[in-house]
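Read through the structure below, which is laid out as structure tokens, and then see the notes.
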Amino acid sequence: MTEDNAATPADAKAGRRRWRTIIIAVIVIAAAGFVAWRWYAGRLGYVFTDDATIDADRLSISSKMLGRIVTLTADEGDTVRSGQVLVQLDVSDLSAQQVQARANINLAEQNARLAHVNLDRAQQDLVRARVQFSDTTITAEQFQHAQNDVDAAAAKLSVAEAQIVSARAQFSAIDTSLRNATILAPMNGTVSKRWALPGDVVQAGQAILSIYNLDSVWVTANLEETKLEHVHVGDSVKISLDAYPHREFSGCVAQIGSSTASQFALIPPNNASGNFTKVTQRVPVRIAIDEESTAESAPLLPGMSAFIKIKI
């Protein structure tokens, strides 16, 4: 009787330990099941991908001609307005050429006046020569010379007038180059990259500044082609950004690409031979971001990584 009474508390303690272990195991399994269910429910009815980035209109500011940068009025991070002067190139050579071109115009106009006077005089001489030839005062050869003088004077007048047109065209070309030496901002935006400094000599078409229009940003998501069947323009989208992990943005599908992204690769794939490895292609999908979900405290910058879920 004493031995049975001594064993009872130990057995009770062991039983409580087993029940505690069972309860903890049940709680852990239930929690894991709840987490798995939430994870599955969060993806059920959605098409999602993490191959997505913030995108915006980008403009490369470049020169139309060879020139040395004298003034650069914007730097990285600066906000610019449409029509604002961004770059001023050296125009000293062009200014000298413009003065020369203006002088050429004046010279051509004076030559045209002189040619016109010579033509009037040749025409008057021809009238007198015609009268004298009818009176047999001069020979036929002299009359023919008078006619040739009129033709020559008319030709010289045509040449002088053509020189005026050529000189004015040259002046216009130089004037256009002078205007091109001042580079203006074609749109509102923010300077994201500066590629040159004052004093650098830039070639025609060489990038000087890169500008993004941050007033209009969107998400470019590269969806697998196998997921596009149920995606349509207007579908609602939930957007998460790595930069703001505790915020969720909303949007909608604005456009579905007309071709896969690989078609714009440096070397597009050519599978005509039949000897290829099949790879699931991705199609770019443009997602418009609702303005109500954005805020000044969370600026959306081009290139930010995003995770999107499209409700289908």
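Rule-based calculations on the coordinates, nothing more; no lab input. No experiment lies behind these values; they were computed from the predicted model shown. Cβ sites come from the backbone with ideal geometry, for glycine too, and all protein chains shown count toward neighbours.
Some notes on this structure:
- Rounded if a/c under 1.5, otherwise prolate or oblate - the range 35-101, Cα gyration tensor axes: prolate
- Considering helices alone, the calculated mean residue ellipticity of the chain at 222 nm is -15000 deg cm²/dmol, with DSSP H runs of length four and up weighted by -39500 (n - 2.57) and normalised per residue.
- Under a 5 Å amide H cut-off, with hydrogens placed 1.01 Å from N, MET304 pairs with ILE54 among residues at least 5 apart or on other chains.
- Interchain or long-range residues, amide H under 5 Å from ILE61's placed H: ILE208, LEU209, SER210, ILE211
- Lysine pairs with alpha-carbon atoms under 28 Å apart, the chain, spacing 8 or more or separate chains: 8
- Taking amide H atoms as placed 1.01 Å from N in the peptide plane, the amide H of VAL70 lies under 5 Å from those of GLN88, LEU89, ASP90, GLY199, each 5 or more residues away in sequence or on another chain.
- The chain: most fluctuating residue of ILE27, ILE54, ILE208 per GNM, C-alpha cutoff 10 Å: ILE27
- Filtered trypsin sites (Lys or Arg not before Pro), the range 64-99: DSSP coil and at most 15 other beta carbons within 10 Å: LYS64, ARG81
- Listed values for the range 250-265 are Karplus-derived 3J(HN,Hα) couplings in whole Hz (6.51 cos²θ - 1.76 cosθ + 1.60, θ = phi - 60°), namely 10, x, 8, 6, 9, 7, 10, x, 8, 7, 6, 5, 5, 5, 9, 5, and x replaces Gly and Pro.
- Using a Gaussian network model of the chain in which every pair of alpha carbons under 10 angstrom is joined by a spring, one finds that among ALA160, ALA31, ALA196 the greatest mean-square fluctuation is at ALA31.
- Spacing of the two label points (7 Å from each Cα toward its C-beta) at ALA36 and ALA207, in nm: 4.9
- Separation between Cα centres of the range 19-79 and the range 235-312, rounded to whole Å: 10
- Contact order, relative form, for the chain: 29 percent (alpha carbon pairs under 8 Å, 6 or more residues apart, mean separation divided by residue count).
- Across ILE287, ILE183, ILE22, mean-square fluctuation computed from a Gaussian network of the chain (C-alpha pairs under 10 Å connected) peaks at ILE22.
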